[in-house]
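Undergrad: Encoded as structure tokens, here's the structure I'll be asking about.
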Amino acid sequence: MNDLRYQVDYLTAMNKRLSDSEKMYRMVCDMSSCAYLYYNYKDGQITLLGNWQAFFPLEIKHIQDMERIFDYIEEEDVEKLGAILHRETPSVEKLCCECKLRGKKQWLECETVIGLDADKEPCSKVIKFRDISRFKQQNDELTYMAYYDMLTGLYNRNYFVGRLTEWIERAKKEKSVISVMFIDIDDFRKVNDGLGMLMGDELVQLFGQFLGTFCSENVMVSHFNSDTYCIAIYDPCGSRNVDGIYRMIQERIQSPFVLSGRQEIEITVCVGVAEFPESASSAIELLNNAEIVLFKAKSIGSNEIQYFDAPIIHDFLHHVQIENMLKGAMSQKQFSLFYQPQYDVESGKLRGVEALIRWRDENGKQISPAEFIPIAEKNGSIVSIGAWVVEEALRTYAEWRDKYGVHLIMSINISAIQYKRKDFVSNVISLMEKYEIHANEIEFEITESVLIDDFVEVIEKMNLLREYGVRVSLDDFGTGFSSLSYLKGLPIDTLKIDKSFIDTVITDDSTRIITESIVSMVKKLGFETVAEGVETEAQYEYLKDIHCDNIQGFYLGKPMPKDEVEQILTSQI
Ligand code: C2E
Ligand code: MG
Ligand code: MG
């Protein structure tokens with residue numbers, strides 16, 4: 001009896017424990033935001049727990065009804081969810097899938113665990129559904145950011161380059177062509193500076209949206225940066241080619257873009273075009289070349305299209321190489337000055353010398369000033385190079401004067417950028433004081449292009465220098481604007497007739513007529529004349545006959561180092 005009583009008490013206690021733990025698990029499940037489906041293999045019964053109704057508004061009690069869940073899942077996800085629901089074999093790894101609720105934005109993650117009995121046979125299964133919509137949305141946003149540009153909705157640079165690389169691989173196999181167009185809005189800085197960055201952004205967006213209309217299976221459009229876009233065309237044909245797209249761009253920009261504040265902005269664009277396999281063998285090379293060609297188009301002017309041409313790339317790379325080499329040239333003392341004599345025709349005496357810079361790079365290779373001076377002017381390094389030239393020339397001149405007692409004219413080439421510096425005149429004056437040089441023994445050579453760019457400012461500086469006594473000479477006359485009438489008001493002392501005239505003065509009648517009238521007119525205006533690039537006796541004799549004042553050229557002396565000039569000076573004493 002006692003035994004029976006004990007067993008009843010024991011079973012009651014066990015039951016209570018069981019119902020307590022069931023209550024506990026239910027409570028835990030109900031607290032969770034997930035939904036759980038518990039399946040008992042023995043009786044085929046299903047228990048639904050947790051946040052079930054939030055995902056599936058249905059009751060399932062038996063295993064046969066389990067597939068009713070599929071009615072609530074998007075068609076394309078049914079198969080993978082089925083694999084989870086019907087899974088019968090346990091595995092160490094969790095089996096899980098993602099599926100979307102039908103007609104809703106909600107995403108669920110579905111995961112299953114199988115319980116085994118003492119014989120290691122499946123006896124129960126739990127399927128868990130978790131809402132992962134927020135995570136999915138964040139993921140989508142990140143994916144969008146990885147592929148697209150937020151401002152224009154076009155492909156971003158990284159993704160575009162990646163896809164272009166795939167295209168190139170494909171084109172290699174299919175022997176296809178890929179055209180790339182780099183497009184840049186002209187004078188975009190003016191829009192940004194004039195209307196503000198926000199409006200600039202809006203313009204970039206509108207133009208980008210327009211370019212986006214070219215997107216198709218074989219046309220990719222990307223916003224690279226700021227106001228630069230890139231279009232790639234796989235296997236261009238029909239109207240889907242560079243010219244067709246360029247024509248449509250030109251048609252669109254005939255009318256202005258209207259911003260949200262109703263401002264109307266008219267634009268022009270420059271385009272650089274390169275093609276695979278003709279102009280490059282990789283995506284990066286193709287893009288680089290198209291960009292370089294675009295720079296070339298920009299340097300020509302606005303609304304230009306430029307097609308790939310090997311010399312353009314060669315020139316650009318050479319330009320970049322020189323620019324890099326220039327950086328260390330000054331500190332490594334790679335520059336020197338040569339001097340080319342100028343002779344007075346009447347007396348045959350040395351009038352003076354023109355200082356000409358020479359550059360030997362670290363390998364000892366000479367680089368012509370005609371090549372590097374324009375580059376130094378573009379990147380501003382001409383300021384320090386030019387300052388060195390002026391001081392070196394003045395120092396040398398003072399040395400010659402002290403050593404040989406000569407009074408000559410030292411001609412120094414000055415570039416436009418140097419003239420534009422505020423401290424240019426005062427620096428020159430203090431250097432002349434430092435070396436105790438008479439101003440009228442110094443002559444600054446400037447070219448016509450200096451005058452064309454900043455006429456008023458440069459004339460003002462020339463006047464200041466001349467007031468101080470410095471001579472001013474107009475170099476390369478005949479290569480630029482070259483109108484005799486505008487010489488009238490110029491504050492100059494000397495005019496140098498360019499070598500291009502001298503070259504044909506013997507052989508060409510009209511050059512002779514022009515040269516003669518230049519010399520006589522210039523004399524009447526009271527300027528001295530120097531003929532440059534005189535190479536032959538015939539040229540020399542002719543120039544003497546027409547009373548050109550001074551001669552400079554290989555015939556009388558090439559540009560030479562300082563010590564060779566000193567030999568001439570010694571012989572002149
Ligand atoms: P430029 O001022 O017109 O100098 C005359 C150029 O013609 C020099 O070339 C000279 O060597 C060359 N030349 C003179 N006579 C003859 C001749 O009979 N035949 C031939 N074939 N050439 C002759 P270089 O030294 O190569 O200089 C080229 C240009 O570089 C100069 O033209 C000048 O514009 C610029 N440059 C040279 N040195 C300087 C400098 O220190 N500062 C600046 N800003 N420019 C410089
Ligand atoms: Mg010169
Ligand atoms: Mg010249």
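Undergrad: Residue 437 - would you say it is assigned to a loop (DSSP other than H, G, I, E, B), assigned by TED's automatic domain parsing to the domain that holds residue 548 and at pLDDT 95 or above?
TA: The answer is yes for residue 437.
Undergrad: Is it the case that the stretch 376-386 has a residue that's closer than 29 Å to residue 496 by Cβ, within 14 Å of ligand 2 (Cβ to nearest atom) and surrounded by 14 or more Cβ atoms within 10 Å (Cβ to Cβ)?
TA: Yes; the residues of the stretch 376-386 include at least one that is closer than 29 Å to residue 496 by Cβ, within 14 Å of ligand 2 (Cβ to nearest atom) and surrounded by 14 or more Cβ atoms within 10 Å (Cβ to Cβ).
Undergrad: Also, I was wondering about something else. List the strands (runs of 3 or more DSSP E) that sit entirely inside the stretch 205-311 and contain at least 3 residues that are open to solvent by less than 60 Å² (accessible area, probe 1.4 Å), in contact with a Leu (Cβ under 8 Å, 6 or more places away or on another chain) and in the same structural domain as residue 189 (by TED's automatic domain parsing).
TA: Fully inside the stretch 205-311 and qualifying: 219-225, 228-234, 269-276.
Undergrad: Out of (1) at pLDDT 95 or above; (2) closer than 19 Å to residue 494 by Cβ; (3) more than 16 Å from ligand 2 (Cβ to nearest atom), what's the single condition that is false for residue 464?
TA: Checking residue 464 against (1) at pLDDT 95 or above; (2) closer than 19 Å to residue 494 by Cβ; (3) more than 16 Å from ligand 2 (Cβ to nearest atom), the one that fails is (1).
Undergrad: Quick one: how many residues across the stretch 433-450 are more than 12 Å from ligand 1 (Cβ to nearest atom) and surrounded by fewer than 21 Cβ atoms within 10 Å (Cβ to Cβ)?
TA: So the count comes out to 9.
For (1) out of contact with any Gly (no Cβ under 7 Å at 6 or more places or on another chain); (2) small (Gly, Ala, Ser); (3) modelled with pLDDT under 95, each residue gets a yes or a no:
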| position | (1), (2), (3) |
| --- | --- |
| 231 | yes, no, no |
| 236 | yes, no, yes |
| 271 | yes, no, no |
| 297 | no, yes, no |
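Undergrad: Continuing with the same structure: Just checking, how many residues over the stretch 433-449 are aliphatic (A, V, I, L, M) and within 12 Å of ligand 2 (Cβ to nearest atom)?
TA: Adding up the residues that qualify gives 1.
Undergrad: Take the residues of the stretch 332-352 that are part of a loop (DSSP other than H, G, I, E, B) and in contact (Cβ under 8 Å) with a residue 12 or more places away in the chain: which is farthest from residue 410 (Cα to Cα)?
TA: 332
Undergrad: Going residue by residue through the stretch 351-363, is there one that turns out to be more than 29 Å from residue 434 (Cα to Cα) and within 16 Å of ligand 3 (Cβ to nearest atom)?
TA: Looking through the stretch 351-363, none of the residues is more than 29 Å from residue 434 (Cα to Cα) and within 16 Å of ligand 3 (Cβ to nearest atom).
Undergrad: Which numbered condition in (1) away from ligand 3 (no atom under 16 Å from the Cβ); (2) more than 22 Å from residue 355 (Cα to Cα) is the only one that residue 429 fails?
TA: (2)
Undergrad: Which residues, taken from the stretch 109-124, are of a type in the set (D, E, K, R) and either open to solvent by 70 Å² or more (accessible area, probe 1.4 Å) or modelled with pLDDT of 90 or more (or both)?
TA: Scanning the stretch 109-124 gives 109, 111, 119, 120, 121.
Undergrad: Out of the stretch 159-186, which residues are among the hydroxyl-bearing types (Ser, Thr, Tyr) and either open to solvent by 30 Å² or more (accessible area, probe 1.4 Å) or farther than 22 Å from residue 228 by Cα (or both)?
TA: 159, 165, 176
Undergrad: When you scan the stretch 493-511, how many residues do you find that are touching a residue at least 12 places away in the same chain (Cβ under 8 Å) and open to solvent by 50 Å² or more (accessible area, probe 1.4 Å)?
TA: Number of matching residues: 4.
Undergrad: Give the residues of the stretch 526-557 that are open to solvent by less than 30 Å² (accessible area, probe 1.4 Å) and within 16 Å of ligand 2 (Cβ to nearest atom), sorted by residue number.
TA: 527, 529, 530, 531, 532, 533, 534, 550, 551, 552, 553, 557
Undergrad: Only residues in the stretch 532-544 that are within 11 Å of ligand 1 (Cβ to nearest atom) count as the first member; pair them with residues that are open to solvent by less than 30 Å² (accessible area, probe 1.4 Å) and charged (D, E, K, R), Cβ under 9 angstrom, at least 6 apart or cross-chain, and list the lot.
TA: Cβ pairs passing all conditions: 532/354; 532/475; 532/496; 532/498; 533/498.
The values are calculated or read from the model by the stated rules, or taken from the named source; none is laboratory data. Since this is a predicted model, take the numbers as computed values, not measurements. For neighbour counting, all protein chains shown are included, and Cβ atoms are generated from backbone atoms with ideal geometry for every residue, glycine included. All accessible areas refer to the heavy atoms of the entire protein, side chains included, with ligands and DNA or RNA removed. Shrake-Rupley method; radii C 1.70, N 1.55, O 1.52, S 1.80 Å.
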